[in-house]
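The values are calculated or read from the model by the stated rules, or taken from the named source; none is laboratory data. As the structure is a computational prediction, the values presented were derived from the model and not from experiment. Because the Cβ atoms are built from the backbone with ideal geometry, glycine has one as well, and the counts that use them run over all protein chains shown.
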């Protein structure tokens, strides 16, 4: 089999078997005189099995050029890691793509080999005197998880019976029960799926951070190197073990690109990162407290300045003027004229998938978002955000989901579980603050500092306010937009497709569309 999809066109797939060969070959584009990289492959690579390894070794020795590591990629499965560690893994913003097991669509009620899906206390580094209590606590939590799921499902069925439910497609068209023969089964499946989804959305908040998850990752060698650094310096026992396992696997595909983590320069950087994480001169000066507000807007541009920035950068790209001249010209226009231009730009969008122009990236906002750990897991998926977060803790309060809060027996047991979590967290934290994180529940508040630009804010809030989004994310989206509209009223129109309607069975329309497609296949 040839190493290229074709030999006679200027566009082709590089299909050689080893990923490291593909990366090395592409890296040669910058310094070869060959007009066709395929000819270079035949001359330098095809008959030399370890050519790629030798190439990378020479590049690093001669030039120290790490950018070539971005052209060698790997796909990795990481299974049975805790949610404490998975969030550290997913802090990478560039070079790694993830898909993680969902707590919204996958139930955690079942046992595997007689055990619920939480990390072993020894792997988590739980102090020996607390290991038995850790296991007892987690078993109780997962038992409660199953009971809450059943209780919430029963409540939804009773409050929203199938027979009285109205079914709408995402385009707004209603599909009536009994209207067409053979469709009742489709409606029933969509209804049950949406009930299950809402029940899982409520129930997930009782899950502990010790819950095991699986992650599929695709990325380049440079990004994997940064991930290894993060694992090595996290201070978590679980992360240290994963570091060794991941390093061993990655050495199988690009050894020369990964070994730089442990060469003298790499070890020096690991030492720097460790010292940076541990340097906190004001530690002990502040006391953890329950936040007063869920969302706080901390930093933003003056309304007029924000509007001028967008219009000036927009016209900088489309006119012959330099930025300063264009900015001054925009500043001299009337407010009405500026708003008219902005409205015209915004009106070109016909749906939320039409992204705003890059000129909207010049306006930034900083929020403190005090949401539960479960919702943070969804927010972290937006990698354009600048996120800084505290370690997991029970000290900032907790959330009770809407339906659980009105089911008397379940809400009482839910609060009791949160209370036990808090007590155990405090006891373990006095000995080992890092392993104490495994006692935190998804319900506990995780204060997060987020800086993002207006373009990303519009994308995030329009996406996360859709009916099928988690109810916590829907509320966060609306609160963020409300604060921005107060701070920058001229930009209020940017959030054209924000959904402000609240629905208990938010996934019903999406599930109905899915079931209709499946039936018509």
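Only one of these is over 20 Å from the mean Cα position of the chain (by Cα) and in contact (Cβ under 8 Å) with a residue 40 or more places away in the chain: 416, 340, 420, 408. Name it.
420
What pairs can you find where one residue is in region 105-131 and more than 16 Å from residue 80 (Cα to Cα), the other is assigned to a loop (DSSP other than H, G, I, E, B) and at pLDDT 95 or above, and their Cβ atoms are less than 6 Å apart, with a gap of 6+ or different chains?
127/431; 127/432
Only one of 65, 50 is at pLDDT below 80, touching a helix residue (DSSP H, G or I) at 6+ places or on another chain (Cβ under 9 Å) and surrounded by fewer than 17 Cβ atoms within 10 Å (Cβ to Cβ). Can you tell me which?
65
Given the criterion within 17 Å of residue 217 (Cα to Cα) and either assigned to a helix (DSSP H, G or I) or free of Cβ contacts under 8 Å to residues at least 40 places away in the same chain (or both), identify the matching residue among 43, 87.
None of the other options fit; the residue is 87.
Going by what's in this entry, would residue 195 be described as under 22 Å from residue 466 (Cα atoms) and assigned to a helix (DSSP H, G or I)?
yes
Examine region 126-149 for a residue that is farther than 20 Å from residue 438 by Cα and crowded, with 18+ Cβ neighbours inside 10 Å, and state whether such a residue exists.
There is at least one residue in region 126-149 that is farther than 20 Å from residue 438 by Cα and crowded, with 18+ Cβ neighbours inside 10 Å.
What pairs can you find where one residue is in region 61-74 and within 11 Å of residue 20 (Cα to Cα), the other is at pLDDT below 70, and their Cβ atoms are less than 7 Å apart, with a gap of 6+ or different chains?
These pairs meet every condition: 68/56; 68/59.
Looking at region 212-232, can you tell me whether even one residue there is more than 22 Å from residue 93 (Cα to Cα) and surrounded by 18 or more Cβ atoms within 10 Å (Cβ to Cβ)?
Checking region 212-232: at least one residue is more than 22 Å from residue 93 (Cα to Cα) and surrounded by 18 or more Cβ atoms within 10 Å (Cβ to Cβ).
Quick one: is residue 356 in a helix (DSSP H, G or I), in contact (Cβ under 8 Å) with a residue 12 or more places away in the chain and buried (at least 17 other Cβ atoms within 10 Å of the Cβ)?
No; evaluated as a whole, the condition is false for this residue.
Just for helices (runs of 4 or more DSSP H) wholly inside region 207-295: which have at least 1 residues that are without any contact (Cβ under 8 Å) to a residue 24 or more places away in the chain and closer than 16 Å to residue 75 by Cα?
The helices (runs of 4 or more DSSP H) meeting that bar are 237-250.
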